[in-house]
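Down below is the structure, laid out as structure tokens.
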Amino acid sequence: MGESVTPRRISVHQALGGGPVADVLLWKRWYASVGVLVSATTLWILFEKAGYNLLSFVANVLFLLVVILFFWAKSASLLNRPFPPLPNLEIPEEIVAMAAGIIHVYANYALSIAREIVIDKNFKVFLQVVSGFCVASYIGSLCNFLTLVYIGVLLSLSVPLVYDKYQHHIDEKLCLAHKIIQEQYKKIDDAILKKIPLPSNKEKKTQ
């Protein structure tokens, strides 16, 4: 008889896209991962601890870059040396179309949530959005945006690697936590949310 085949799990590398970004996040290209970590730490120390200004930092870097390229090109023309190897300074149309498509998807998703709250009067979605804003406000009161980005870089370089090594144990704990959260949410839904009166379809039509 046919044997039951267990569903094959997707590896973390495949879930992250399987490209160079996945290699960096999983430390398969350790030199690139170290470079990202050192760069992020250096920038965080410069802006957060040393009090360096982002605008002045960018202006000074661009100033040095323009001066170096200018004198390099002048000396190359005088000494018959090769000019500085500049890449093709153009943004491909594919990247612009991809970015516009991503913005379009997220904008429509945000508008659909706003429609459910304002027009459909979905109280569950309203609670989810308010809870998300409260959590974001609380996190923002603990640290500034730059520190939050740095923490995100540290987590992106550590969480995928840990999950890749201990995927089975973490999945078990996550499934258990998901069941507990679903049970608690069902209790709150039965005790509070379902008792809140919502406008019926007839009332919407009369309005």
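Side notes on the structure shown:
- Here the gap between Leu148 and Ala76, fully extended at 0.36 nm per residue and compared with their Cα-Cα distance, gives a gain of 21.5 nm.
- Accessible area per residue for the chain is 84 Å², calculated with a 1.4 Å probe on protein heavy atoms, without ligands, DNA or RNA.
- Listed residue (Cys143, Asn122, Gln14) projecting farthest to the positive dipole end of the chain, Cβ model: Asn122
- Distance histogram for the chain (every C-alpha pair counted, 10 angstrom bins, percent rounded to whole numbers): 6, 14, 24, 26, 16, 9, 4, 2, 0
- Cβ-Cβ FRET estimate between Ile119 and Leu69, R0 fixed at 45 Å, reported to 0.05: 0.25
- Remark on Arg29: its backbone amide H falls under 5 Å from those of Val24, a criterion applied only to residues 5 or more positions apart or on other chains, H modelled at 1.01 Å from N.
- Ala191-Ala59 FRET efficiency (beta carbon distance; Förster radius 45 Å; 0.05 resolution): 0.20
- The range 37-83 - Rg over Rh from alpha carbon coordinates, Kirkwood radius: 1.24
- In the chain, the portion of solvent-accessible area held by carbon and sulfur atoms comes to 69 percent [1.4 Å probe, whole percent, DNA, RNA and ligands not counted].
- The region of the chain that goes longest without hitting one of the GluC sites (Glu not before Pro) in a DSSP loop, each with at most 16 other Cβ atoms within 10 Å, is 91-207.
- A Förster radius of 45 Å combined with the Cβ-Cβ distance from Thr42 to Phe126 puts the calculated FRET efficiency at roughly 0.60.
- Tilt relative to the chain, helix 30-44 - C-alpha long axis, 0 to 90 degrees, to 10: 90 degrees
The values are calculated or read from the model by the stated rules, or taken from the named source; none is laboratory data. All of these numbers come straight from a predicted model, not from anything done at the bench. Glycine gets a Cβ as well: all are built from the backbone with ideal geometry, and neighbour counts include every protein chain shown. The accessibility values were calculated without ligands, DNA or RNA, using every heavy atom of the protein model including side chains. Shrake-Rupley method; radii C 1.70, N 1.55, O 1.52, S 1.80 Å.
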